[in-house]
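Structure first, commentary second.
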Amino acid sequence: MQFFHSTNIDFLSKRKMFYLASTALIVIGMVAFFAKGLVIGIDFAGGTEVLVRFQNNVEINSIRSAMDVSGITGAEIKTLGSDRDILIRTAEPGEGTTVSDRIKESLTKNVQGNPFEVLRIDKVGPKIGKELTTSAIYATIFSLIAILIYLAFRFEFLYALGSVVALLHDVLMTLGIVALTGALFPSMNLELNQGMVAAFLTLIGFSVNDTVVVFDRIRENIKLFKSESIFTVMNKSLNYTLNRTIITNGTVFITVLILLIFGGEVNRSFAYTFLIGIITGTYSSIYVAGAFVVDAKGYLDKKNKPAARTAAVSKA
């Protein structure tokens, strides 16, 4: 299947404009991230989370009053999807199912005439939450280091560096857009949980796979077009792989979009984060990884030319 046959798009001539666009988006996203942050899920914050479904719509204030009466103060209470589904999250300490039992008992006593069923109970201790946070940070850092080492062996070090720069770009831009979305649309209930961490690790693998395909084609074309500049070879390679990129990434995009629409609240953080990651990963393979190599090679060539000229004059 060929959507883009024999294209000749000059991707790299506009790379500086895309550098600016990427920088602006990352800065805006980081401002949103540090100003508003992300809602920390129970996986990392620790505590107890109970999701209940009432037979009829229920007011948040009545649930809050019920929690206050039972002594569970400061709980986060919000609707999920409809006014019947209520999520109650609290950092209240307690052994085993003590806290969740108190929540259920309080709802039964204080929200009368509106029966409910428990859809989910999650409980994570603060120590486990801290360990999960540390593990998530280590997983991200070590995956980037492993990719850098692997690509340095497979390609030149400059290409490996370009790939890691693109990955950092993808992670920062995705994190910023997710934080911005969470700030603008709190009803989406995006939270930093294990699913979102899994999405970031998946997008790292997804993005580097796309970049490796492009770099492989560049390596082949450098041997075929020895007299042409890296700029021209890079543009040719991006055009040659464009069809494959659109079909592969487009298929994954549609699949994840369906998961986002029909996957429910549980999968929303993963699906939305990965969906944004697919877009940024595809974009960075074209306008960040390859463009970085072109500019870095150009800088090194200029830097080495005077030294080479001086050596030639001295020899003469």
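The values are calculated or read from the model by the stated rules, or taken from the named source; none is laboratory data. If you're wondering where the values come from, they're calculated on a predicted model, not measured in any experiment. Here Cβ is always computed from backbone atoms with ideal geometry, including for glycine, and neighbour counts include all displayed protein chains. When the accessible area is computed, the model is the full protein with side chains, heavy atoms only, and any ligands, DNA or RNA have been set aside. Shrake-Rupley method; radii C 1.70, N 1.55, O 1.52, S 1.80 Å.
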Could you check how much of the accessible area of segment 135-176 is carbon and sulfur, as a whole percent, using a 1.4 Å probe?
83
Report the gain in length on full extension from residue 60 to residue 21: 0.36 nm times residue separation, minus Cα-Cα distance, nm rounded to one decimal.
9.9 nm
Please report the orientation-averaged projected area of segment 138-237, defined via the convex hull of its C-alpha atoms, in nm².
7.5
Hydrodynamic radius by Kirkwood for segment 163-309, inverse mean 1/r across distinct Cα pairs, in Å, is 16.8
Using all Cα-Cα distances in the chain, what percent lands in each 20 angstrom bin from 0 up to the longest?
27, 45, 22, 6, 1
Under 10 Å, Cα contacts only: if you run a Gaussian network model on the chain, which one of 286, 77, 278 comes out with the highest mean-square fluctuation?
77
Non-local residues with an amide H under 5 Å from the amide H of residue 193, with H modelled 1.01 Å from N and Pro and chain starts lacking one, are 41
I'm a student and want to see the number: the projected area of the Cα convex hull of segment 39-90, averaged over all directions, in nm².
3.7
Hey, any idea what % of segment 202-286's accessible area is carbon plus sulfur with a 1.4 Å probe?
68
Between 0 and 90 degrees, rounded to the nearest ten: what's the tilt of helix 60-69 against the longest Cα principal axis of the chain?
60
Debye log10 I(q)/I(0) for segment 73-155, one point scatterer per Cα, at q = 0.17, 0.19, 0.22 Å⁻¹:
-0.82, -0.94, -1.12
Binned at 5 Å starting from 0, the alpha-carbon pair-distance distribution of segment 1-104 in whole percents comes out as 2, 10, 14, 13, 11, 8, 7, 6, 7, 7, 6, 6, 3, 1, 0
Rg ratio (alpha-carbon, reference 2.2 N^0.38 Å) - segment 26-177
1.45
Fully extended contour minus Cα-Cα distance, from residue 299 to residue 68, at 0.36 nm per residue:
76.7 nm
With the chain treated as a Gaussian network of Cα nodes joined by springs under 10 Å, which of 113, 263, 281 yields the largest mean-square fluctuation?
113
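Name the longest site-free stretch of the chain, where the excluded sites are GluC sites (Glu not before Pro) in a DSSP loop with no more than 14 other beta-carbon atoms within 10 Å.
229-316
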For segment 277-282, Karplus couplings with θ = phi - 60° (6.51, -1.76, 1.60), whole Hz, Gly/Pro x
x, 4, 5, 5, x, 5
Place +1 on the Cβ of every Lys and Arg and -1 on the Cβ of every Asp and Glu in the chain, take the dipole about the Cα centre, and give the residue among 304, 267, 140 whose Cα lies farthest towards its positive end.
304
Taking amide hydrogens as modeled 1.01 Å from N in the peptide plane, which residues meet the under 5 Å criterion relative to residue 47, leaving out close sequence neighbours?
124, 125
